[in-house]
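Read the structure below first, then the notes.
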Amino acid sequence: MTTELAGLRQALVTDLVTRATGAYQAREWASALDLFRYIADTYPAIGDELSCRLIIARCEIELADPAVLENCESATARPRPSSHEAALVHDIKLRAIECCRAADFRRASRLLRLIATVDGPIGRCYADGMLTRRSDCVGYLRPPTDAAPPRFLDDLGVDDRAVAALLARHRGARVLFVRRYAYFNNPARQHESQDRLTRAARDRGLIVHEMNATALPGPATDGYVAALRQTIEAFAPQVIIYDELFMSGVSAQPGHGEAIASLLEDERRRRGVRVVKAYTDAWYVATYTPENLFKHLGRAYDLVQHCHPAILDRGTDAEKAAVFCYPVPHFVPTPTVEAGTVPRAGFVGSATLINISRLVWWAECACAGVPLDFIEGPVHPTEQQISDLDYANLLRAYQLAVNFTERPTGARILTGRALEAPLVGSALVEEDGPDTRYFMSPGVHYVPYETLPDLCEIVPALLADAPRRRQLAAAGQAWTSRYFTGDHFWAGLLHRLYG
């Protein structure tokens, strides 16, 4: 082939790929399908490089009539790790969210099943018979006769009789809370974990001063370490709780982390200040930066606080002994609606890339006809937020509150909803995991599930059994109100810090 012909062929192929890509990005599915089929048949090497099989399958799903989507071929994608394929998969996930919001659930399901072979979090959600297997969880539809107390009671180290004495002994203690502010300018959102921690401390007679962990007022972080030192000097705290220390905010920035570690080390040595490193998402650290879980322990801080019991076996004996595993205090506004006025199950939350398995459950539950409403509620973009009261009212109005616990790593964690739903008097049905079992008893305080067939049986059965729902709601509300609204958290934390 002459140079001129080779150049012409290259130009033609480039133009073909450009037109195919343009049609795909414009969602002109029929044109994109024809063009990518031609590329895959005529130039198979280029087709493999462009992940044509994935694109073709996606176009077929997009073009299929909803009535025949169940028979539409999918799951034809082959793993080809590349930034190009990652971008395609990311776009398909966003499209699946869009389809669920439009109640186009069968299309969302086929798109998600398509990428299950090439996307780890989606694949993990579908793994182990999620669509077909029935687990032992359905046995918890009946109350267990031999339920053991949750393990946290033994690990807490403080019995009920000592709680009041500990809180009285430390009344007036000065606590500096270096924290993040998720919704600082939204008065309707005042029940984030950091807000609850401060309010619960003040309600128990502790004196709390707060400092932003992300930045000083204004855009710059210059002078942050000096400002932190000045704050400590002026307030003279006995305890410092540092939110996501060395994980996020200024303390995670190059050039600041070491300076903050040295400052905390100095304050611990000179003044005897107790320092707590607090994690909201310890599962994330344990998976992605496990070396940071106990970094600077004994130097910059005394104790690690998190609520991810699945990692309690991590670390040396000394590191494991320096963990206080307990959720921060939880409470929500008092609902203003009657309980159980909506005769269905409801999930109130978000479906984003950080909890993408919820998207799979959303699509598959709808396709299977589970009587479950998915309400996108307290999500992060400002324009989609709902108020704390609206959230509490939704949890209480539904006869069942369903919760999804899996994260992209496969970890099934204790989420705030596991405590908030019982607190407002809702019967909780939750994706089974070790974290919730550590703090609550399945079958007594909630009913767990593992798979779609579980939900298909559990949800209708509980909706038809009002006495069992009332039993679960009452037991869950009594348990969470007793142990997770502040007294036991603060008594346990102070006990761990001062003996």
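In this entry, Gly410 is excluded by the filter for residues that are in contact with a strand residue (DSSP E or B) (Cβ under 6 Å, 6 or more places away or on another chain) and assigned to a loop (DSSP other than H, G, I, E, B).
Screening Arg204, Arg274, Arg179 for residues that are under 30 Å from Thr334 (Cβ atoms) and touching an Asp or Glu at 6+ places or on another chain (Cβ under 6 Å) leaves exactly one candidate, Arg179. Determine, yes or no, whether Leu176 is at pLDDT 95 or above, over 16 Å from Arg274 (Cα atoms) and outside the structural domain of Ile386 (by TED's automatic domain parsing). Here the answer is no, as Leu176 does not meet what is asked.
Whenever a residue of the stretch 42-53 is more than 11 Å from Leu88 (Cβ to Cβ), its partners that are surrounded by 15 or more Cβ atoms within 10 Å (Cβ to Cβ) and among the charged types (D, E, K, R), lying with C-beta atoms within less than 8 angstrom and at least six residues away or across chains, give the pairs Gly47/Arg53; Asp48/Arg80.
Is it the case that Arg496 is of a type in the set (Lys, Arg), farther than 30 Å from Val118 by Cα and in contact with a Phe, Trp or Tyr (Cβ under 6 Å, 6 or more places away or on another chain)? Answer is yes for this residue. Once the stretch 407-428 is narrowed to residues that are modelled with pLDDT of 95 or more and in contact with a Lys or Arg (Cβ under 7 Å, 6 or more places away or on another chain), the residue that is nearest to Pro143 (Cα to Cα) is Ala427. Restricting attention to the stretch 87-119, the residues that are free of Cβ contacts under 8 Å to residues at least 60 places away in the same chain, in a helix (DSSP H, G or I) and of a type in the set (A, V, I, L, M, F, W, C) add up to 6. Within the stretch 305-326, residues that are free of Cβ contacts under 8 Å to residues at least 60 places away in the same chain have Cβ atoms under 8 Å from residues that are in a helix (DSSP H, G or I) and buried (at least 18 other Cβ atoms within 10 Å of the Cβ) in these pairs: His306/Ala282; Ile311/Ala282; Ile311/Trp283; Ile311/Ala286; Arg314/Ala286, counting only partners at least 6 apart in sequence or on another chain. From the list Glu258, Glu267, the one residue that fits, being in contact (Cβ under 8 Å) with a residue 12 or more places away in the chain, not in a loop (DSSP other than H, G, I, E, B) and not hydrophobic (A, V, I, L, M, F, W, C), is Glu267. The set of residues from the stretch 305-338 being touching a Lys or Arg at 6+ places or on another chain (Cβ under 6 Å) and among the aromatic types (Phe, Trp, Tyr) comprises just one member, Phe324. With the condition kept exactly as written, say whether any residue in the stretch 288-295 is modelled with pLDDT of 95 or more, in contact with a Gly (Cβ under 6 Å, 6 or more places away or on another chain) and not acidic (Asp, Glu). Looking for residues that are modelled with pLDDT of 95 or more, in contact with a Gly (Cβ under 6 Å, 6 or more places away or on another chain) and not acidic (Asp, Glu), one finds at least one in the stretch 288-295, hence yes.
With crowded, with 22+ Cβ neighbours inside 10 Å, under 14 Å from the mean Cα position of the chain (by Cα) and in a helix (DSSP H, G or I) as the only criterion, which of Ala363, Ala418 stands out? After ruling out the rest, the residue left standing is Ala418.
Residue-by-condition table, conditions (1) assigned to a loop (DSSP other than H, G, I, E, B); (2) touching a residue at least 60 places away in the same chain (Cβ under 8 Å); (3) among the hydroxyl-bearing types (Ser, Thr, Tyr); (4) closer than 30 Å to Leu88 by Cα:
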{"residue": "Met130", "(1), (2), (3), (4)": "yes, yes, no, yes"}
{"residue": "Tyr140", "(1), (2), (3), (4)": "no, yes, yes, no"}
{"residue": "Ala147", "(1), (2), (3), (4)": "yes, yes, no, no"}
{"residue": "Pro150", "(1), (2), (3), (4)": "yes, yes, no, no"}
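Those residues that are in contact with a helix residue (DSSP H, G or I) (Cβ under 6 Å, 6 or more places away or on another chain) and either of a type in the set (Gly, Ala, Ser) or within 30 Å of Arg407 (Cα to Cα) (or both), I need them from the stretch 257-279; list them, please. Of everything in the stretch 257-279, those that are in contact with a helix residue (DSSP H, G or I) (Cβ under 6 Å, 6 or more places away or on another chain) and either of a type in the set (Gly, Ala, Ser) or within 30 Å of Arg407 (Cα to Cα) (or both) turn out to be Gly257, Ala259, Val275. The single residue among Asp435, Asp465 that is farther than 20 Å from Ala392 by Cβ and surrounded by fewer than 21 Cβ atoms within 10 Å (Cβ to Cβ) turns out to be Asp465.
Quick one: would you say Val402 is under 14 Å from Gly349 (Cα atoms), not aromatic (Phe, Trp, Tyr) and not in a helix (DSSP H, G or I)? Against the criterion (under 14 Å from Gly349 (Cα atoms), not aromatic (Phe, Trp, Tyr) and not in a helix (DSSP H, G or I)), Val402 qualifies.
Looking only at the stretch 206-255, how many residues end up being β-branched (Val, Ile, Thr), in contact with a helix residue (DSSP H, G or I) (Cβ under 8 Å, 6 or more places away or on another chain) and in a strand (DSSP E or B)? Of the residues in the stretch 206-255, 4 are β-branched (Val, Ile, Thr), in contact with a helix residue (DSSP H, G or I) (Cβ under 8 Å, 6 or more places away or on another chain) and in a strand (DSSP E or B).
The values are calculated or read from the model by the stated rules, or taken from the named source; none is laboratory data. All values reported here derive from a predicted model rather than from experimental measurement. As a convention, Cβ positions derive from the backbone with ideal geometry for all residues, glycine included, and neighbour counts pool all protein chains shown.
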